[in-house]
1. So what is the 222 nm mean residue ellipticity for chain B from helices alone, if each DSSP H run of at least 4 adds -39500 (n - 2.57) and you divide by all residues, rounding to the nearest 500 deg cm²/dmol?
2. Indicate the gyration tensor shape class of chain B (rounded, prolate or oblate), computed on the Cα atoms with a ≥ b ≥ c the square roots of the eigenvalues: a/c under 1.5 is rounded; otherwise a/b larger than b/c is prolate and the rest oblate.
3. With the label 7 angstrom out along Cα to Cβ, how close does B:GLN181 come to the same site in each of the other copies, in nm, nearest first?
4. Using a simple spin-label model with points 7 Å from Cα along the Cα→Cβ vector, what separation in nm is obtained for B:GLU20 and A:GLN40?
5. Looking at the square roots a ≥ b ≥ c of the eigenvalues of the Cα gyration tensor of the stretch B:203-306, which shape do they give, rounded for a/c under 1.5, prolate if a/b is larger than b/c, or oblate?
6. In a Gaussian network model over chain B where Cα atoms closer than 10 Å are linked, find which of B:ASP145, B:ASP155, B:ASP34 has the largest mean-square fluctuation.
7. If I model a spin label at B:MET144 and A:ILE88 as a point 7 Å from the Cα along the Cα→Cβ vector, what separation in nanometres do I get?
8. Report, please, the projected area of the stretch A:134-205 averaged over directions, based on the convex hull of its C-alpha atoms, in nm².
Number of protein chains: 2
Amino acid sequence: MKLGTVEIDGLTAVAIWVAESKIALMPRHYSNVDTVLRSQGAWSIDANAAIESSERYSTEEIAWLPPIVSPGKILCVALNNSANPDRIISGPETPAMFVKPSSSLVGHRHPIIVKDSYGRVHPEPELAVVIGRAGADIPVESAMDHIFGYTIVNDITSPTMRAEDTFHYRAIHPASDNPAQVSYVESWVSYPARYKGADTFGPMGPWVVTSDEIPDPHALTVRCSHNGRVVTDDSTANLRFSVSQVIAFVSSYLTLQVGDVIAMGTALRPSATGGAVQNVDLTQLGGTIEVSIERIGTLSNPVEHR
Amino acid sequence: MKLGTVEIDGLTAVAIWVAESKIALMPRHYSNVDTVLRSQGAWSIDANAAIESSERYSTEEIAWLPPIVSPGKILCVALNNSANPDRIISGPETPAMFVKPSSSLVGHRHPIIVKDSYGRVHPEPELAVVIGRAGADIPVESAMDHIFGYTIVNDITSPTMRAEDTFHYRAIHPASDNPAQVSYVESWVSYPARYKGADTFGPMGPWVVTSDEIPDPHALTVRCSHNGRVVTDDSTANLRFSVSQVIAFVSSYLTLQVGDVIAMGTALRPSATGGAVQNVDLTQLGGTIEVSIERIGTLSNPVEHR
C-alpha cells in the first residue's frame, strides 16, 4: 500500500495510491499518515474499504503535505555511502546521526525556499524509514519488525552554513593526573541546526510505501535529477550501514517512537553524464529537483529564490 | 506565574506554584503546559481561578514531567558563554545551534540514565526560552514579544560520544574554474544526535516562569551542584549572544513555533571551590545533579547507572 497526506477542500486527509495518478481517500478521521500509524493496524481494513468504495481523485488536483506531518524526531545518518570511500580521512565506525527539525519538512511539489544568505545549497536524495513500532535496545535480528514503511527525504544541505557553523576550539577535559583540574584538548565541532534544518530543507514524500512492498530496502535504484538532467544514479545497495544495523544501533541510545523517521544517508554516486549533487547549487541555479526511488515514487520540488 | 506539568492520580495536569512546596492544579482540560501555550491567553483567567479555589497539593506528592511535553523543536545554542574565551580558536560569529530530540526530555527528579557505553557524561546548566508566539524573520526589537516564559534545561553531554562522532573528511566542492567538476576540501564535521540526544539527556523544568516575572533574562544567577558541591557559579550576564539576538537570528532560518524551546548555552564558570561541570563525569560518579537559576527554581535529577 502507498499512503500520503494531502490537502483537499481545505482539510488534510490520507491518500491511497490506486493507479497511476489516481488516489482514493481514507475515511476523514485519518487526517494524516501519523494517525494511520497510531491506529494499531485498524487502518488496513479502512484502506481496503476506501479503495473499493471511495471517490477517485487525480493526483493533479491535490496539494501534498509531508506524509508524516509531525514526526517525533527525524534522524539522519551521515557519511553512510560507500560509493566514494576516498572522501573519508577518519570516518564513522558506527552510524553517525543528527536530528533534522520537523519545522523543515515540506511535501511533494512544495517550493524549496533559498536565500542569498544561505550561500550554496544542494540536494541529498535519501531512502527514509518510517517507524511503526516503538522500541529501545532493539536487536538487529528483529529491527525490520519496527518498520511501517519507506519514504523519500531530500536532505537539503547548505555547505556554506556548515562551514560557518564549524569551529576549532579547546575542549575541556579533566586532567588525567588530577580529575579536579581541567586540561584543554584541541577539537573540531560543527552544529547542523541551520545547514540541515532551515525551513523547507526537508522535502518528504509523496508516499510512504508499506514495508510488505519492499522486501529488500538495499536493492533500490536512487536517482536525483535537476531540471531533468540526472545528477545521481545510485542504489541503496551502497549504504554502508544497513537499515537494521542503524535501527539496532540508534535504539541503544535514543528510544524510537511511532512516527519517527530515519533518513538513511545520501545517495551520491554521480550519474554517467558527470553530474554530482554537490554541483547543483540551488541558490544559483533554481529549477526543479526530483528524487526517484524504485518502488516508492518521485519527490519533486521547485526551487524559489527569496 | 510558575507553571509545570505533573502526573497525579495517573493523569497529567498543569501545576501552578502557590507557595513554597505548594501547588494548585489548573482545570483538567489543560493536560500539560503545551496546552496552556495553545490556549491563546485564556489560561490566565483559569489559572487565577484555580489559585483561588483549587485544592493544594504538596510538591512532594507529585511526579514531574518536562513542562513542555512535546516541543516542536528544542534548539540549543552552542559555545555561547563568554566566561572563557581562551577556549575558542575559531568560534561563532553568529549563534550556532543544534537540535535536541524531544525523546531525550525528562522532568524534575527523573533519573538521568548512563551506561558504560556512553563514556564520559557531564551536565550543562542552561537558561531556556519557551516560545509563546510563532514567527519567522523576527526583528531583534520585537523578539522578546515571542517569549512565553523561561525554564531550565540540563543539556547533558557525552564528550566521549562527541569525539566518536567527529570526522575528518574531504568535502565535495564544485571546482572554482569548472562548476561541472568537483574538488575536495578537507573538513571536520561532528554529529550531535547521540552525544546530545540520548534518552534522559534532556532534563527540563520543573517550572516555566512567565516572562512578566523575569524583566531581564541576562541578570540571573546560574548554579550547578553535584551531590551538594557547587561546580558552576555563573550568571546569564555572561551569555555571548542575547536572547533577543538568538531569536532574531534563528528565526531568519527556522520558523519558531509555539512550544519551541531554545536552550541558551551552557553556564560554565567554575565555582570558587574549583569545580567545573566537565569534571563531573556522571558515568563514574553517579549522584544527584542540581541546576538552580534565580527566579526560576531548581531542577534536580539523580543519576542511575545501567
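Rule-based calculations on the coordinates, nothing more; no lab input. Everything numeric in this text was worked out from a predicted model, so none of it was measured. Don't worry about glycine lacking a Cβ; one is built from the backbone with ideal geometry, like all the others, and counts go over all protein chains shown.
1. Details: 6 runs with 39 residues, N = 306.
Rounded to the nearest 500, it is -3000 deg cm²/dmol.
2. Cα axes put chain B in the prolate bin.
3. 5.2
4. That separation, rounded to one decimal, is 4.8 nm.
5. Prolate, because a/c is 1.5 or more and a/b exceeds b/c.
6. B:ASP145
7. With each label point 7 Å from Cα toward Cβ, the separation is 5.0 nm.
8. On the way: hull surface 35.6 nm².
Projected area, direction-averaged: 8.9 nm².
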